[in-house]
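Structure, as C-alpha coordinates:
The values are calculated or read from the model by the stated rules, or taken from the named source; none is laboratory data. The structure displayed is predicted, hence computed values, not measured ones. Backbone-built Cβ (ideal geometry, glycine too); neighbour counts: all protein chains shown. What goes into the accessible areas is simple: the full protein's heavy atoms, side chains included, and nothing from ligands, DNA or RNA. Shrake-Rupley method; radii C 1.70, N 1.55, O 1.52, S 1.80 Å.
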Amino acid sequence: MNFFKNATSGIFACYVNERASGLCQKTCRLYNQLFCNKMENNMKKFFLFPSVLIFILIIISACGHKTIQNVYWDAGTSVAIGEEKKGNIRSAETEFKVALTRAERELDKNRIASSNHNLGAFYRRQNRLSDAIHYLNEALKLEAEVSGPNSERTGRTLAELAAAYLMENNFFEGRPIANRLEALKSYYRGDEAVFVERVLEFYQFDTEKYNEAVARLKPLADSGDPKSQRELAYVYSDSPDAKELMPEILKLYRSSAEQSYSESQYYLGVIYDKGRGVESDNTEARKWYRIAAENGHPVAQFNYGVFLEQGRGGPKNESEAWIWFKKSAKQGYPSAQRAMRQYNSK
(Lines give C-alpha, C1' and ligand atoms only; values in the text may rest on other atoms or scores of the structure.)
Protein backbone atom coordinates (compact mmCIF):
# COMPACT_ATOMS: atom_id res chain seq x y z
CA MET A 1 0.00 0.00 0.00
CA ASN A 2 2.85 2.40 0.85
CA PHE A 3 4.47 1.67 -2.50
CA PHE A 4 1.18 2.44 -4.24
CA LYS A 5 0.78 5.73 -2.35
CA ASN A 6 4.38 6.81 -2.98
CA ALA A 7 4.24 5.92 -6.65
CA THR A 8 0.90 7.68 -7.12
CA SER A 9 2.11 10.82 -5.32
CA GLY A 10 5.16 10.76 -7.58
CA ILE A 11 2.87 10.72 -10.61
CA PHE A 12 0.86 13.67 -9.38
CA ALA A 13 4.02 15.65 -8.56
CA CYS A 14 5.51 14.70 -11.92
CA TYR A 15 2.60 16.46 -13.61
CA VAL A 16 3.46 19.80 -12.01
CA ASN A 17 7.23 19.49 -12.23
CA GLU A 18 8.62 21.94 -14.72
CA ARG A 19 11.42 19.59 -15.68
CA ALA A 20 9.04 16.81 -16.79
CA SER A 21 8.97 16.09 -20.50
CA GLY A 22 5.91 16.86 -22.61
CA LEU A 23 5.08 13.16 -22.87
CA CYS A 24 5.35 12.82 -19.10
CA GLN A 25 3.01 15.78 -18.57
CA LYS A 26 0.45 14.47 -21.04
CA THR A 27 0.56 11.02 -19.50
CA CYS A 28 0.10 12.40 -16.00
CA ARG A 29 -2.77 14.60 -17.19
CA LEU A 30 -4.45 11.60 -18.73
CA TYR A 31 -3.96 9.66 -15.49
CA ASN A 32 -5.49 12.52 -13.55
CA GLN A 33 -8.54 12.61 -15.86
CA LEU A 34 -9.10 8.87 -15.67
CA PHE A 35 -8.41 8.11 -12.03
CA CYS A 36 -8.11 11.21 -9.84
CA ASN A 37 -11.59 12.66 -10.42
CA LYS A 38 -14.63 11.09 -8.80
CA MET A 39 -15.34 7.83 -10.58
CA GLU A 40 -18.98 7.15 -11.25
CA ASN A 41 -18.96 4.06 -13.37
CA ASN A 42 -17.94 0.59 -12.31
CA MET A 43 -15.86 -0.01 -15.43
CA LYS A 44 -13.25 2.50 -14.15
CA LYS A 45 -13.16 0.75 -10.80
CA PHE A 46 -12.68 -2.61 -12.52
CA PHE A 47 -9.71 -1.38 -14.51
CA LEU A 48 -8.20 0.86 -11.76
CA PHE A 49 -5.44 -1.34 -10.30
CA PRO A 50 -3.95 -2.82 -13.50
CA SER A 51 -4.22 0.58 -15.14
CA VAL A 52 -2.35 2.20 -12.27
CA LEU A 53 0.51 -0.27 -12.67
CA ILE A 54 0.61 0.39 -16.41
CA PHE A 55 0.66 4.14 -15.85
CA ILE A 56 3.47 3.79 -13.28
CA LEU A 57 5.56 1.96 -15.87
CA ILE A 58 4.73 4.57 -18.50
CA ILE A 59 5.65 7.42 -16.16
CA ILE A 60 8.94 5.83 -15.17
CA SER A 61 9.90 5.33 -18.81
CA ALA A 62 8.57 8.71 -19.97
CA CYS A 63 9.84 10.88 -17.14
CA GLY A 64 13.00 9.01 -16.30
CA HIS A 65 14.35 8.03 -12.91
CA LYS A 66 16.05 11.36 -12.20
CA THR A 67 12.93 13.35 -12.96
CA ILE A 68 11.00 11.28 -10.43
CA GLN A 69 13.75 11.79 -7.85
CA ASN A 70 13.74 15.55 -8.54
CA VAL A 71 10.01 15.56 -7.93
CA TYR A 72 10.42 13.78 -4.61
CA TRP A 73 13.22 16.20 -3.68
CA ASP A 74 11.02 19.23 -4.45
CA ALA A 75 8.12 17.77 -2.49
CA GLY A 76 10.27 16.83 0.50
CA THR A 77 11.90 20.25 0.65
CA SER A 78 8.49 21.95 0.51
CA VAL A 79 7.26 19.73 3.35
CA ALA A 80 10.35 20.60 5.42
CA ILE A 81 9.79 24.33 4.95
CA GLY A 82 6.12 23.94 5.86
CA GLU A 83 6.90 21.93 8.98
CA GLU A 84 9.39 24.54 10.16
CA LYS A 85 6.80 27.30 9.68
CA LYS A 86 4.35 25.29 11.78
CA GLY A 87 6.95 24.93 14.52
CA ASN A 88 7.42 21.18 13.97
CA ILE A 89 11.19 21.46 14.23
CA ARG A 90 12.06 17.77 14.51
CA SER A 91 9.89 16.88 11.56
CA ALA A 92 11.41 19.73 9.51
CA GLU A 93 14.94 18.59 10.36
CA THR A 94 14.10 15.03 9.30
CA GLU A 95 12.68 16.17 5.96
CA PHE A 96 15.67 18.42 5.23
CA LYS A 97 18.02 15.51 5.99
CA VAL A 98 16.01 13.12 3.80
CA ALA A 99 16.23 15.62 0.94
CA LEU A 100 20.01 15.82 1.36
CA THR A 101 20.35 12.03 1.43
CA ARG A 102 18.21 11.72 -1.70
CA ALA A 103 20.29 14.37 -3.48
CA GLU A 104 23.58 12.68 -2.55
CA ARG A 105 22.30 9.25 -3.62
CA GLU A 106 20.31 10.07 -6.74
CA LEU A 107 20.83 13.61 -7.99
CA ASP A 108 23.51 16.05 -9.16
CA LYS A 109 25.79 18.58 -7.46
CA ASN A 110 23.22 21.32 -8.01
CA ARG A 111 20.70 19.54 -5.76
CA ILE A 112 23.36 18.48 -3.25
CA ALA A 113 24.49 22.11 -2.91
CA SER A 114 20.89 23.28 -2.44
CA SER A 115 20.23 20.57 0.16
CA ASN A 116 23.32 21.53 2.16
CA HIS A 117 22.32 25.19 1.96
CA ASN A 118 18.75 24.45 3.11
CA LEU A 119 19.88 22.31 6.04
CA GLY A 120 22.57 24.80 7.05
CA ALA A 121 20.15 27.75 6.92
CA PHE A 122 17.64 25.72 8.95
CA TYR A 123 20.24 25.04 11.65
CA ARG A 124 21.22 28.72 11.73
CA ARG A 125 17.59 29.67 12.33
CA GLN A 126 17.52 27.14 15.17
CA ASN A 127 20.76 28.59 16.61
CA ARG A 128 22.60 25.30 16.07
CA LEU A 129 25.61 27.14 14.80
CA SER A 130 28.23 24.38 14.52
CA ASP A 131 25.85 22.32 12.38
CA ALA A 132 24.88 25.40 10.36
CA ILE A 133 28.50 26.31 9.61
CA HIS A 134 29.33 22.74 8.59
CA TYR A 135 26.51 22.39 6.05
CA LEU A 136 26.82 25.94 4.70
CA ASN A 137 30.54 25.44 4.09
CA GLU A 138 29.74 22.20 2.24
CA ALA A 139 27.20 24.11 0.14
CA LEU A 140 29.72 26.86 -0.60
CA LYS A 141 32.30 24.39 -1.93
CA LEU A 142 29.77 22.86 -4.33
CA GLU A 143 28.24 26.14 -5.44
CA ALA A 144 31.64 27.37 -6.58
CA GLU A 145 31.51 24.52 -9.11
CA VAL A 146 27.78 24.63 -9.90
CA SER A 147 27.11 28.35 -10.33
CA GLY A 148 30.48 30.04 -9.86
CA PRO A 149 32.08 31.79 -6.85
CA ASN A 150 30.45 35.16 -7.60
CA SER A 151 26.93 34.10 -8.48
CA GLU A 152 23.70 35.32 -6.88
CA ARG A 153 23.11 31.81 -5.55
CA THR A 154 26.57 31.62 -3.96
CA GLY A 155 25.85 35.00 -2.36
CA ARG A 156 22.83 33.59 -0.55
CA THR A 157 24.98 30.93 1.07
CA LEU A 158 27.64 33.53 1.91
CA ALA A 159 24.94 35.60 3.65
CA GLU A 160 23.75 32.63 5.73
CA LEU A 161 27.31 31.64 6.60
CA ALA A 162 28.31 35.19 7.54
CA ALA A 163 25.23 35.38 9.77
CA ALA A 164 26.10 32.05 11.44
CA TYR A 165 29.66 33.20 12.19
CA LEU A 166 28.25 36.48 13.49
CA MET A 167 25.88 34.67 15.85
CA GLU A 168 28.89 32.65 17.05
CA ASN A 169 30.85 35.90 17.59
CA ASN A 170 33.44 34.50 15.21
CA PHE A 171 34.60 37.57 13.30
CA PHE A 172 37.92 35.86 12.59
CA GLU A 173 36.29 33.47 10.10
CA GLY A 174 33.21 35.56 9.39
CA ARG A 175 34.89 38.70 8.10
CA PRO A 176 36.42 37.12 4.94
CA ILE A 177 32.96 35.68 4.15
CA ALA A 178 31.36 39.09 4.69
CA ASN A 179 33.95 40.70 2.40
CA ARG A 180 32.96 38.29 -0.38
CA LEU A 181 29.28 39.00 0.28
CA GLU A 182 29.85 42.77 0.10
CA ALA A 183 30.87 42.44 -3.56
CA LEU A 184 27.61 40.58 -4.39
CA LYS A 185 25.04 42.60 -2.43
CA SER A 186 23.73 44.42 -5.54
CA TYR A 187 22.06 41.16 -6.63
CA TYR A 188 19.44 41.28 -3.90
CA ARG A 189 16.08 43.01 -3.55
CA GLY A 190 13.35 43.19 -0.93
CA ASP A 191 13.69 41.00 2.18
CA GLU A 192 16.88 39.40 0.86
CA ALA A 193 18.51 42.81 0.51
CA VAL A 194 17.47 43.76 4.06
CA PHE A 195 18.95 40.53 5.44
CA VAL A 196 22.24 41.00 3.58
CA GLU A 197 22.54 44.65 4.67
CA ARG A 198 21.89 43.76 8.31
CA VAL A 199 24.54 41.05 8.24
CA LEU A 200 27.10 43.32 6.58
CA GLU A 201 26.34 46.15 9.00
CA PHE A 202 27.64 44.07 11.91
CA TYR A 203 30.88 43.39 10.06
CA GLN A 204 31.68 47.04 9.38
CA PHE A 205 34.99 47.86 11.02
CA ASP A 206 35.27 51.05 13.06
CA THR A 207 38.96 51.96 13.05
CA GLU A 208 38.56 54.77 15.58
CA LYS A 209 36.69 52.55 18.02
CA TYR A 210 39.28 49.79 17.55
CA ASN A 211 42.20 52.11 18.28
CA GLU A 212 40.46 53.44 21.40
CA ALA A 213 39.86 49.91 22.69
CA VAL A 214 43.47 48.89 22.11
CA ALA A 215 44.77 52.05 23.82
CA ARG A 216 42.54 51.40 26.85
CA LEU A 217 43.12 47.64 27.19
CA LYS A 218 46.77 47.14 26.26
CA PRO A 219 48.32 48.74 29.39
CA LEU A 220 46.02 46.65 31.60
CA ALA A 221 46.74 43.48 29.61
CA ASP A 222 50.49 44.14 29.78
CA SER A 223 50.18 44.46 33.56
CA GLY A 224 48.75 40.91 33.66
CA ASP A 225 45.03 41.55 34.23
CA PRO A 226 43.31 38.36 32.91
CA LYS A 227 40.01 40.01 31.98
CA SER A 228 41.77 42.76 30.00
CA GLN A 229 43.96 40.17 28.29
CA ARG A 230 40.86 38.27 27.16
CA GLU A 231 39.12 41.47 25.99
CA LEU A 232 42.18 42.65 24.05
CA ALA A 233 42.52 39.23 22.40
CA TYR A 234 38.87 39.49 21.35
CA VAL A 235 39.39 43.01 19.95
CA TYR A 236 42.38 41.79 17.93
CA SER A 237 40.33 38.82 16.66
CA ASP A 238 37.71 41.25 15.35
CA SER A 239 40.19 43.28 13.32
CA PRO A 240 40.93 42.88 9.59
CA ASP A 241 44.52 41.99 10.61
CA ALA A 242 43.41 39.10 12.84
CA LYS A 243 45.41 36.43 10.99
CA GLU A 244 48.64 38.40 11.31
CA LEU A 245 47.87 39.06 15.00
CA MET A 246 47.18 35.40 15.79
CA PRO A 247 50.44 34.79 17.73
CA GLU A 248 49.63 37.77 19.99
CA ILE A 249 45.99 36.64 20.34
CA LEU A 250 47.10 33.16 21.47
CA LYS A 251 49.63 34.64 23.89
CA LEU A 252 46.94 36.83 25.50
CA TYR A 253 44.38 34.04 25.78
CA ARG A 254 46.96 31.63 27.22
CA SER A 255 48.21 34.13 29.82
CA SER A 256 44.63 34.86 30.89
CA ALA A 257 43.68 31.15 30.91
CA GLU A 258 46.64 30.26 33.09
CA GLN A 259 45.21 32.68 35.66
CA SER A 260 42.01 30.55 35.75
CA TYR A 261 39.92 32.94 33.69
CA SER A 262 37.29 30.52 32.35
CA GLU A 263 36.27 32.58 29.32
CA SER A 264 39.85 32.51 28.02
CA GLN A 265 40.13 28.79 28.75
CA TYR A 266 36.97 28.21 26.74
CA TYR A 267 38.21 30.35 23.82
CA LEU A 268 41.48 28.44 23.68
CA GLY A 269 39.37 25.29 23.34
CA VAL A 270 37.42 26.89 20.49
CA ILE A 271 40.60 28.03 18.69
CA TYR A 272 42.06 24.51 18.68
CA ASP A 273 38.69 22.87 18.05
CA LYS A 274 37.85 25.00 15.00
CA GLY A 275 41.40 25.57 13.80
CA ARG A 276 41.14 29.37 13.93
CA GLY A 277 44.51 30.61 12.79
CA VAL A 278 46.16 27.38 13.97
CA GLU A 279 46.07 23.73 13.00
CA SER A 280 43.01 22.01 14.43
CA ASP A 281 44.06 19.95 17.47
CA ASN A 282 41.41 17.82 19.21
CA THR A 283 43.71 16.88 22.08
CA GLU A 284 44.51 20.52 22.91
CA ALA A 285 40.87 21.56 22.41
CA ARG A 286 39.66 18.82 24.74
CA LYS A 287 42.19 19.84 27.38
CA TRP A 288 41.05 23.47 27.44
CA TYR A 289 37.35 22.61 27.26
CA ARG A 290 37.86 20.32 30.28
CA ILE A 291 39.70 23.01 32.25
CA ALA A 292 37.03 25.62 31.47
CA ALA A 293 34.23 23.11 32.19
CA GLU A 294 35.71 22.31 35.60
CA ASN A 295 35.86 26.06 36.14
CA GLY A 296 32.07 26.29 35.56
CA HIS A 297 31.85 27.59 31.97
CA PRO A 298 28.49 26.31 30.61
CA VAL A 299 29.39 26.21 26.90
CA ALA A 300 32.72 24.52 27.67
CA GLN A 301 30.82 21.96 29.76
CA PHE A 302 28.64 21.11 26.78
CA ASN A 303 31.57 21.04 24.34
CA TYR A 304 33.62 18.85 26.65
CA GLY A 305 30.63 16.52 26.88
CA VAL A 306 30.53 16.32 23.08
CA PHE A 307 34.25 15.45 22.98
CA LEU A 308 33.69 12.73 25.58
CA GLU A 309 30.64 11.37 23.78
CA GLN A 310 32.45 11.21 20.43
CA GLY A 311 35.85 10.19 21.73
CA ARG A 312 37.52 13.24 20.20
CA GLY A 313 41.00 14.05 21.48
CA GLY A 314 40.92 11.21 24.02
CA PRO A 315 38.96 8.22 25.31
CA LYS A 316 35.23 7.92 24.68
CA ASN A 317 33.08 8.11 27.82
CA GLU A 318 29.36 8.53 27.19
CA SER A 319 28.26 8.25 30.82
CA GLU A 320 30.61 11.09 31.84
CA ALA A 321 29.49 13.10 28.79
CA TRP A 322 25.92 13.16 30.07
CA ILE A 323 27.11 14.39 33.47
CA TRP A 324 28.59 17.44 31.73
CA PHE A 325 25.53 17.92 29.50
CA LYS A 326 23.39 17.99 32.63
CA LYS A 327 25.67 20.55 34.34
CA SER A 328 25.56 22.76 31.24
CA ALA A 329 21.78 22.44 30.94
CA LYS A 330 21.33 23.47 34.58
CA GLN A 331 23.13 26.71 33.74
CA GLY A 332 20.69 27.35 30.90
CA TYR A 333 22.79 26.55 27.82
CA PRO A 334 20.20 25.83 25.05
CA SER A 335 22.13 23.09 23.21
CA ALA A 336 22.63 21.17 26.45
CA GLN A 337 18.96 21.59 27.39
CA ARG A 338 17.95 20.28 23.95
CA ALA A 339 20.29 17.29 24.36
CA MET A 340 18.79 16.50 27.77
CA ARG A 341 15.23 16.71 26.42
CA GLN A 342 16.13 14.24 23.67
CA TYR A 343 17.83 11.95 26.17
CA ASN A 344 14.86 12.00 28.56
CA SER A 345 12.37 11.33 25.75
CA LYS A 346 14.05 8.03 24.80
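With a Förster radius of 25 Å applied to the C-beta separation of residue 344 and residue 280, the computed FRET efficiency comes to 0.15. Here is the list for the stretch 225-295: trypsin sites (Lys or Arg not before Pro) lying in DSSP coil, each with at most 14 other C-beta atoms within 10 angstrom of its C-beta, are 243. In order along the stretch 287-299, the phi-based Karplus estimate (6.51 cos²θ - 1.76 cosθ + 1.60, θ = phi - 60°) of 3J(HN,Hα) comes to 4, 6, 4, 5, 4, 5, 4, 5, 8, x, 6, x, 6 Hz; Gly and Pro are listed as x. With each label modelled as a point 7 angstrom along the Cα→C-beta vector, the residue 105-residue 214 pair spans 5.4 nm. Taking the average, over residues, of other Cβ atoms within 10 Å as the packing measure, peptides 296-305, 145-154 rank 296-305, 145-154 from highest down. Placing +1 on the Cβ of every Lys and Arg and -1 on the Cβ of every Asp and Glu, with no other charges, gives the stretch 150-284 a dipole of roughly 160 debye about its Cα centre. Starting from the Kirkwood Rh over alpha-carbon pairs, what translational D in µm² s⁻¹ does the stretch 271-317 have by Stokes-Einstein at 4 °C and 1.567 mPa s? Translational diffusion coefficient: 125 µm²/s. The string of couplings for the stretch 267-277 from the Karplus curve (6.51, -1.76, 1.60, θ = phi - 60°) is 5, 5, x, 5, 4, 7, 5, 8, x, 7, x Hz, one whole number per residue in order, with x for Gly and Pro. For 306, 98, the ranking by accessible surface with the largest value first comes to 98, 306, using a 1.4 Å probe. Of the GluC sites (Glu not before Pro) found in the stretch 211-316, those in coil by DSSP whose Cβ has at most 14 other Cβ atoms within 10 Å are 244, 258, 279.
Karplus-derived 3J(HN,Hα) values for the stretch 99-106, using 6.51 cos²θ - 1.76 cosθ + 1.60 with θ = phi - 60°, are 4, 5, 4, 4, 4, 5, 7, 10 Hz; glycine and proline are entered as x.
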